[in-house]
Structures are given as C-alpha cells and as structure tokens.
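Please treat every number below as a calculation from the coordinates, not as lab data. Bear in mind that the values here come from a model prediction, so they are computed numbers and not experimental data. For neighbour counting, all protein chains shown are included, and Cβ atoms are generated from backbone atoms with ideal geometry for every residue, glycine included.
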Amino acid sequence: MTGLIRSWVESANAPDCPFPLNNLPCGVFSTADTDPRCGVAIGDFVLDVAGLEEKGLLSLTGGPLLDVPFWNDLMEAGPEIWAALRARLTALLAEGSGDREAVTPFLVPLADVTLHMPFLVSEYTDFYAGRHHAFNVGTMFRGPENALPPNWLHIPIGYNGRASSVVVSGTDVRRPWGQLKGPDDAAPRFAPSARFDIELEMGAVVGQPSEGPVTVTEADAMIFGYVLLNDWSARDIQAWEYQPLGPFQSKATATTISPWIVTRAALEPFRTPSPAREKPLLPYLAEPGPMLYDIALEVGLTPEGGTETVISRTNYAEMYYSAAQQLAHHTTSGCAMNVGDLLGSGTISGPEKGNRGSLLELSWGGKEPFEIAGGSRSFIQDNDTLVLRGQCRGEGYTIGFGDCVGKVIPALADPYAR
Ligand code: MN
C-alpha cells in the first residue's frame, strides 16, 4: 500500500487530515465573493481548480471543463482525463513542486467556503444490497425463516428513485406527511411520519454513459467516484405503500449526499473482496477482482442543544453486491446509463447490534429504544441532527469524505388544509 504523498500544503500531511494529496476529492464551493465553482480539497483548503484552469495552469483537453458549477463535464471527458487531472494536481501540489508560488493564490480556506452539490444528478437508483440489513428488516417484517426474499442472493434488488430528491450535506430535511396505516388500524390516515429514519449508504457516481448491457469490469471503469449517502426513509409510509412495487413516497422526501466526490483512483489502495457467495451468481455478475472498499463508516445523532452520540459503526466492506455489480445489473435490460447517474448501495449494516445502519434496526422496529446521551430514541425526533462519516486508513494518511449532515425539522401544518 502506498504511503502518504507529501504536499507543500502542510495541513495535508497530518495523518488524520481527511484531504491529503492522496485524496483530491471533487466538490463545488462558493465564497462571499465568488459564485459556485469547481474545487478540490487539500488539507485545510479548497483548491480553486476552475481558477487554475482559467489561468492556464490546468489545461486538460484544450478547452474548458471546469468553468461550470458541477463536475459532469469533467466526468464526461473520460477516464484518461480523470487520470490526467489527478496527475497534474499531484504535480502542482507535491512537496518540492516548482509551481507553489503560482498555485498558492488559488487556495481558499475551507472555513471560508459554502459547499454545494458536486454534480448534476441525472438519475438516482437505490439498491438493497446489504446482507445484514436485508436480513434484519426481513426478520422484522416476515420472520427469520423468510427474511431474505427468494431472489435476494441472485439479484442486486433496487428501485428507481428521484434525482430531484438528492440534496447536499447541510440541507435541512422537513419531516414529511404521508398515508399511514398501522397493522391494527381499520383505515389509513394522512399524517406526519412518526417513524422517520436514516439509511447509511454509499453512493456511486457514474462518470461515463452506456447504451447496452455492460460487464462488471466495464461498469467498474464507468464509476468516477463515491459519496456518503443518507437515504431518508419514512418507515410508516413505507410499510403501507411498499407492496407490490417497492418504496415510493417513503423515500422521496430527501436523499443527502456528502459534498466531495472521492474518486475511484483515491480509493484504489483500499479495494477489498466481497463476502463469500452463499449461492453461485449468474456469470454476468461475476467479479474479476475485489470490487468493494474498506471504508469505516459511522453515524452520529445530536438532539437539539445536546451532545452527539455515535449510534452505529460499520464498514462498506459488509456489502453483498458491489456498485460495479449493481451497475452491470442495471444495464442488463438495455437501460442506458448517463453521466451523473447516482447509485445508492443499500443500507450498510454489520453483524452486531452496534453496526446497524438504520434506526429501524437499532430500535428493532421501535420495540427496543436505544440509549443516546441524555435520552433514548426509536426513530428521529424533530430537530435531531444526523451525520454520516466515512474514512479509509492508509499508511500514515486518511481518506475522508466530508460529513454528510442533515437536521430533521418539524412537519408543516397540514399541507391540504386550505
Ligand atoms: Mn436505501
């Protein structure tokens, strides 16, 4: 495993810094004086790569790719350009670089910026590919014998979500209203969700389009990078609506992503194999090599005015299906994929109680409230703030994603009372 690549940006060399030269994640930032523009995190700074390009210090194709407030144009330019960007930024920022003086004016303190959506989400698909999560939820809904649906060990199960629901970290999330019916209710009613929840997931950002079916190897090469993803879920709406076509309004309120796309190149040293297959997969889903990543994940919950409790710790390596397998499966029908497609991994739970990636599992359907500092929870209460964090630990360095934060604010008054 490669060690830290040292930078003349001193803060980037600290072993705990989430943004060393090894990372170079892609985001969109603004300051009091500038409109949103492309930037790359390095140490305590954002490197204004749009500014560098404008100055002629970062010419990748002869034409501009970064003069827009999103990374889609760069992604569309293809893997060779992705590699060229990484190589050029590494040369500019490496210890001993002759470009230090020219580049320094383009460093903006992270403390001074507002972060925006890093890319235009063309479409959004969410999967259900965590073995422990699927087993836990299935056990609650159908009992342990029928926990996994018969197709689960053969198909990466997913549903088509809404690109319009995807928001960047820091955006407040309004508790939704919806149609609810408990098992003992005679009839459904329309009310604010009382079982509002998170799902701890990773999002894969598709950087290249496809027209027909692609292999797992081809799919992997289409992925530009990864973000943390919180698939906010109204469990009471979901329980009533989900059969037979899967979740709909329960998942449409919001999906929060972390502000930096961590590139596949930065994650390369952390590749890890998926778990042993319990049933052989059809050949088109076969993996040519390790397709998951060793990414330590955690969830923090902070009540209004309170202190944070870490309520879950798990790892992306717990997934049963990789993003490359999900993407390959997504194309089997001939479904075209676009630059900016976002694939949610599915909730990432681990084997133990403390590894569960949703409150539904942590409180076992609300039957076993869990402790937090100064209280307990079954589901999210108004003004709770939820944060997802992720990191890879290299030799003497850390690859971070930036926090994926959302505060749940109270439901509006009845939206139909007029
Ligand atoms: Mn989900």
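Loop sites here are GluC sites (Glu not before Pro) outside DSSP states H, G, I, E and B with no more than 16 other Cβ atoms within 10 Å. The longest part of the chain free of them is 96-210.
Label point of THR104 set 7 angstrom out along Cα-Cβ; within the stretch 3-26, amide nitrogens under 18 Å from it belong to 7-13. Applying a DSSP loop filter and a limit of 15 other Cβ atoms within 10 Å to the chymotrypsin sites (Phe, Trp or Tyr not before Pro) in the stretch 335-418 leaves TYR416. Ranked for footprinting exposure by Cβ neighbours inside 10 Å, fewest first, TYR128, TYR316 give TYR128, TYR316. Rounded to the nearest 500, the 222 nm mean residue ellipticity of the chain from helices alone is -4500 deg cm²/dmol, with -39,500 (n - 2.57) taken per DSSP H run of at least 4 residues. Per the Kirkwood formula applied to alpha carbons, the stretch 10-116 shows a radius of gyration over Rh ratio, Rg over Rh, of 0.93.
Please report, to two decimal places, log10 I(q)/I(0) for the chain at q = 0.08, 0.10, 0.14 Å⁻¹ as given by the Debye formula with identical point scatterers on the Cα atoms and no solvent. Result of the Debye calculation: -0.43, -0.68, -1.29. Please state the shape class of the stretch 134-210: rounded when a/c is under 1.5, otherwise prolate if a/b exceeds b/c and oblate if not, all from the C-alpha gyration tensor. Here the stretch 134-210 falls in the oblate category. Candidates ILE223, GLY394, VAL405 compared by Cα position along the dipole of the stretch 124-409: farthest toward the positive end lies VAL405, with charges placed on Cβ. Residues CYS26, CYS17, ranked from the fewest to the most other C-beta atoms within 10 Å, line up as CYS17, CYS26. Test of understanding: extend the Cα→C-beta vector of ARG271 to 7 Å, then name every residue of the stretch 43-80 with backbone N under 18 Å from that spot. Residues 79-80 qualify, since their backbone N sits under 18 Å from the label point. Given +1 at the Cβ of Lys and Arg, -1 at the Cβ of Asp and Glu and no other charges, the dipole of the stretch 10-116 around its Cα centre is 200 debye to the nearest 20.
Centre-to-centre separation between the Cα atoms of the stretch 350-368 and those of the stretch 1-77: 38 Å. Electrostatic tally near THR125: other residues with Cβ closer than 15 Å to its Cβ, Lys and Arg +1, Asp and Glu -1, net -4.
Taking other Cβ atoms within 10 Å as a rough exposure proxy, MET337, MET222 sort from fewest to most as MET337, MET222. Residue pairs exceeding 26 angstrom between C-alpha atoms, taken from LYS181/LYS279; LYS181/LYS353; LYS367/LYS407; LYS251/LYS367: LYS181/LYS279; LYS181/LYS353.
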